[in-house]
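Colleague: Can you read through this structure? Questions will come right after.
The values are calculated or read from the model by the stated rules, or taken from the named source; none is laboratory data. Source: prediction; values computed, not measured. All Cβ positions, glycine included, derive from the backbone under ideal geometry; neighbour counts span all protein chains shown.
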Amino acid sequence: MTSTTFLATIRPDGEMSSIALPFDPRAVFGKARPAVTASLNGYSYRTTVFDMGHGPFIPLRKSHREAAGVLGGQTVEVTLTLDTEARTVTPPDDLVAALKAATGAWEGWQALSYTTQREHAEGIEQARRPETRLKRLSLAVAAAQSRAAKR
């Protein structure tokens, strides 16, 4: 399994921070946007390498920062390992029911990216109020139907 370890300073940016990569991901992982597992401070999470014109980086969501016990501006040792396992999301039961009840939504859901599926599923599961959960269910179904319509 291909991996590399390096020191990096966490670049803070509100809820979303990032970690700049001091190397070309093509040289290490064989592609510009590889799926990787990032490990820092004994905590690991799955992510993808990005480059938005300022060099390659990995995102570091607030929830991952908190779980790793790190802060923006802090320098940490990071290990990136090529992630070759399938990325799948198990949607909550009420989302599955809503998707299957709406025309084309289940097929559209399956065509959505892993990240989009994960964000919808997490948003629904983390809703504190029933009305928020219903709103997020509706948004997920609409996104799935929209994706199905583009196919």
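Yes/no per residue for (1) in contact with a strand residue (DSSP E or B) (Cβ under 6 Å, 6 or more places away or on another chain); (2) at pLDDT below 95:
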residue	(1), (2)
Ile19	yes, no
Val36	yes, no
Leu40	yes, no
Ala68	yes, no
Leu71	no, yes
Ala97	no, no
Lys100	no, no
Ala105	no, no
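Colleague: Quick one: Arg46 ticks every box in (1) in contact (Cβ under 8 Å) with a residue 40 or more places away in the chain; (2) more than 18 Å from Thr84 (Cβ to Cβ) bar one, so which box is it?
Modeller: The number of the failed condition is (2).
Colleague: Hey, could you check the stretch 85-104 for residues that are without any contact (Cβ under 8 Å) to a residue 12 or more places away in the chain and of a type in the set (A, V, I, L, M) and say which is surrounded by the fewest Cβ atoms within 10 Å (Cβ to Cβ)? Explain how you work it out, then say what you get.
Modeller: Narrowing the stretch 85-104 to residues without any contact (Cβ under 8 Å) to a residue 12 or more places away in the chain: 85-86, 93, 96-97, 100-101.
With the extra rule that they be of a type in the set (A, V, I, L, M), the set shrinks to 86, 96-97, 101.
Details: Ala86: 6, Val96: 13, Ala97: 12, Ala101: 10.
In this case the residue turns out to be Ala86.
Colleague: Somewhere in the stretch 58-66, is a residue hydrophobic (A, V, I, L, M, F, W, C), under 14 Å from Leu80 (Cα atoms) and outside the structural domain of Tyr114 (by TED's automatic domain parsing)? Lay out the reasoning, then the answer.
Modeller: Filtering the stretch 58-66 down to residues hydrophobic (A, V, I, L, M, F, W, C) leaves 58, 60.
Then drop every residue that is not under 14 Å from Leu80 (Cα atoms), which leaves 58, 60.
Right, trim to outside the structural domain of Tyr114 (by TED's automatic domain parsing) and you get 58, 60.
Yes, the stretch 58-66 contains a residue that is hydrophobic (A, V, I, L, M, F, W, C), under 14 Å from Leu80 (Cα atoms) and outside the structural domain of Tyr114 (by TED's automatic domain parsing).
Colleague: Starting from residues that are over 19 Å from Glu15 (Cβ atoms) and aliphatic (A, V, I, L, M), keep the ones in the stretch 25-53 and report whichever is surrounded by the most Cβ atoms within 10 Å (Cβ to Cβ).
Modeller: Val36
Colleague: Identify the residue in the stretch 54-84 that is in contact with a Pro (Cβ under 7 Å, 6 or more places away or on another chain) and surrounded by 15 or more Cβ atoms within 10 Å (Cβ to Cβ) and, among all such residues, is farthest from Phe6 (Cα to Cα). Spell out how you get there, then give the answer.
Modeller: Within the stretch 54-84, the subset in contact with a Pro (Cβ under 7 Å, 6 or more places away or on another chain) is 56, 72-73, 82.
Now drop any that are not surrounded by 15 or more Cβ atoms within 10 Å (Cβ to Cβ), which leaves 56, 72, 82.
On the way: Pro56: 14, Gly72: 17, Leu82: 15 Å.
Restricting to residues being in contact with a Pro (Cβ under 7 Å, 6 or more places away or on another chain) and surrounded by 15 or more Cβ atoms within 10 Å (Cβ to Cβ), the top hit is Gly72.
Colleague: State whether the residues of the stretch 45-53 include one that is more than 24 Å from Thr2 (Cβ to Cβ) and assigned by TED's automatic domain parsing to the domain that holds Phe29.
Modeller: Residues of the stretch 45-53 that are more than 24 Å from Thr2 (Cβ to Cβ), as a first pass: 53.
This time we only want the ones that are assigned by TED's automatic domain parsing to the domain that holds Phe29, so: 53.
Checking the stretch 45-53: at least one residue is more than 24 Å from Thr2 (Cβ to Cβ) and assigned by TED's automatic domain parsing to the domain that holds Phe29.
Colleague: Among the residues of the stretch 68-78, is there at least one that is over 16 Å from the mean Cα position of the chain (by Cα), on the phi < 0 side of the Ramachandran plot, outside the structural domain of Ser39 (by TED's automatic domain parsing) and not hydroxyl-bearing (Ser, Thr, Tyr)?
Modeller: Checked the stretch 68-78: no residue is over 16 Å from the mean Cα position of the chain (by Cα), on the phi < 0 side of the Ramachandran plot, outside the structural domain of Ser39 (by TED's automatic domain parsing) and not hydroxyl-bearing (Ser, Thr, Tyr).
Colleague: Here is a further query. Scan the stretch 105-127 for residues that are of a type in the set (Gly, Ala, Ser), within 17 Å of Arg151 (Cα to Cα) and either surrounded by fewer than 16 Cβ atoms within 10 Å (Cβ to Cβ) or within 15 Å of the chain's Cα centre (by Cα) (or both) and jot them down.
Modeller: Restricting attention to the stretch 105-127, the residues satisfying the condition of being of a type in the set (Gly, Ala, Ser) are 105, 108, 111, 113, 121, 123, 127.
Going one step further and asking which of them are within 17 Å of Arg151 (Cα to Cα), we end up with 105, 108, 111, 113.
Passing the criteria: Ala111, Ser113.
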